[in-house]
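Asker: Here it is, the structure in full.
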Amino acid sequence: MSFHGNPCWYELTTTQGKLDEAGAFYGRIFGWNVVDSGMEEFSYHLATIDRVPVAGLMNMPDDVSGMPPCWMIYFAVDDCDAFCRDATAKGASVHRPPSDIEGTGRFAILADPQGAAFGVLQPDMSQMSAEEIARAREGGGAFNQSRAGFGNWNELMSSDPEAAWDFYAPLLGWRKGDAMDMGEMGTYQLFRRDEADIGAMMGLADSPVPSWLAYFGVDGSVAAKVEEITAAGGAVLHGPIEVPGPAWVAVATDPQGAAFAVVGPEK
């Protein structure tokens, strides 16, 4: 089966020397169990809930140590190399060429024509158990809109949302969902894979550069989660506010400055 176009992984790159602190923060906020994956080349920590992998956490590489901490969203593709060829033909740049991760698959890191960074992963199906395949088929991987602590929404802030749509839609097989007029902020365009809305595209708003923003689901009150975030050393940039769904959302940064968002059913 194909998972092409589905959000499949969330990865935090944080300040060098702060990996354990970042893991402790997110463990407190989302209930993640964060452990060292045992990779020999560099420290890569895995976050799980009930033994289901949700996210990866790593130190900022030496060659980009001056970059601010950030979250990256990965999308599943059927053929990583072909995707990179097609994406560059449409104006993307490849920051990390296709590379293999033993037991996981083949991945690459790119930036869209407006500069927003994202990752793609070609899963190694031969390394997936029947349980993992069934879970992924049901939307039960790292992106799971029915469970707290998992990826719930994927939002692109772009300097040219229409051009961004023309880039991503044919490459990842997305279709447009509803569109909401946000006045001076432009249109908030939902996009879907199969019959499910999985994210949206909009103008830059308060973002200084084009970027993807990962939303993680929470149970209950978003306001209570905001209090947990600030008590743990994070900062709240926006919200809680009510959005169609209905749902409540808030945008925050972790203690090292990486932006993320939370979404839940109650204020």
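Asker: Given the peptides 190-197, 247-254, 163-170, arrange them by the average over their residues of other C-beta atoms within 10 Å, most packed first. Intermediate results must be reported in sequence, preceding the final value.
Answerer: Working: 190-197: 15.0, 247-254: 21.0, 163-170: 17.1.
Top to bottom by mean Cβ count within 10 Å: 247-254, 163-170, 190-197.
Asker: Quick one, can you get me the convex hull of the C-alpha atoms of region 71-173 expressed as volume per residue in Å³? Please list the in-between numbers first.
Answerer: Numbers: hull volume 11.6 nm³, N = 103.
Dividing the Cα hull volume of region 71-173 by its residue count gives 112 Å³.
Asker: Now for a separate question. If packing is taken as the average count of other Cβ atoms within 10 Å, what order do 4-14, 234-244 fall into, highest mean first?
Answerer: Working: 4-14: 22.8, 234-244: 15.0.
Put in order of decreasing packing, that is 4-14, 234-244.
Asker: Based on the alpha-carbon gyration tensor of the chain and its eigenvalue square roots a ≥ b ≥ c, which shape applies: rounded if a/c is under 1.5, prolate if not and a/b is larger than b/c, or oblate?
Answerer: Numbers: a/c = 1.27, a/b = 1.03, b/c = 1.23.
Rounded, because the longest to shortest axis ratio a/c is under 1.5.
Asker: Can you list which of the DSSP-assigned H helices in the chain have a Cα extent of 24 Å or more along the long axis and an average Kyte-Doolittle score of at least 1.0? Please list the in-between numbers first.
Answerer: Working: long enough: none.
None pass (Cα extent of 24 Å or more, hydropathy at least 1.0).
Asker: Which length gain, in nm to one decimal place, applies between M128 and S43 when the Cα-Cα distance is subtracted from 0.36 nm times their residue separation?
Answerer: Working: separation 85, 0.36 × 85 = 30.60 nm, distance 2.32 nm.
Full extension of this stretch gives 28.3 nm more.
Asker: Going by the alpha-carbon gyration tensor, a ≥ b ≥ c the square roots of its eigenvalues, is region 7-137 rounded (a/c under 1.5) or, if a/c is not under 1.5, prolate (a/b greater than b/c) versus oblate?
Answerer: Details: a/c = 1.88, a/b = 1.15, b/c = 1.64.
The shape class here is oblate.
Asker: Tell me the Kirkwood hydrodynamic radius of region 151-264 in angstroms, computed as one over the mean inverse distance between distinct C-alpha pairs.
Answerer: Result for region 151-264 stands at 14.8 Å.
Asker: Can you tell me the relative contact order of the chain? Whole percent, Cα pairs under 8 Å, sequence separation 6 or more. List each step's numbers first, then the result.
Answerer: Values: 611 pairs, mean separation 47.7, N = 267.
Reported relative contact order: 18 percent.
Asker: May I pose another question? Using Cα centres only, tell me the gap between region 89-119 and region 14-54 in whole Å.
Answerer: 22 Å
Asker: In addition: Calculate the tail of P(r) for region 1-80: the fraction of all Cα-Cα distances greater than 20 Å, expressed in %.
Answerer: Working: 1175 of 3160 pairs.
Here the long-distance tail beyond 20 Å is 37 percent of all Cα pairs in region 1-80.
Asker: What lysines does K267 reach when the alpha-carbon gap must be under 20 Å and sequence neighbours fewer than 8 apart in one chain are set aside?
Answerer: Hits, sequence-local ones excluded: K225.
Asker: Ok, one more. Sorting I73, I109, I101 on the 10 Å Cβ count, fewest up front, what's the list? Spell out each step's value before the answer.
Answerer: Details: I73 25, I109 19, I101 13.
Final ranking by Cβ density, sparse to dense: I101, I109, I73.
Read-outs: derived from the displayed coordinates by stated rules, not from any lab. It should be emphasised that the depicted structure is a prediction, and the values quoted were computed from it without experimental measurement. Neighbour counts are summed over all protein chains in view; Cβ atoms, including those assigned to glycine, are modelled from backbone coordinates with ideal geometry.
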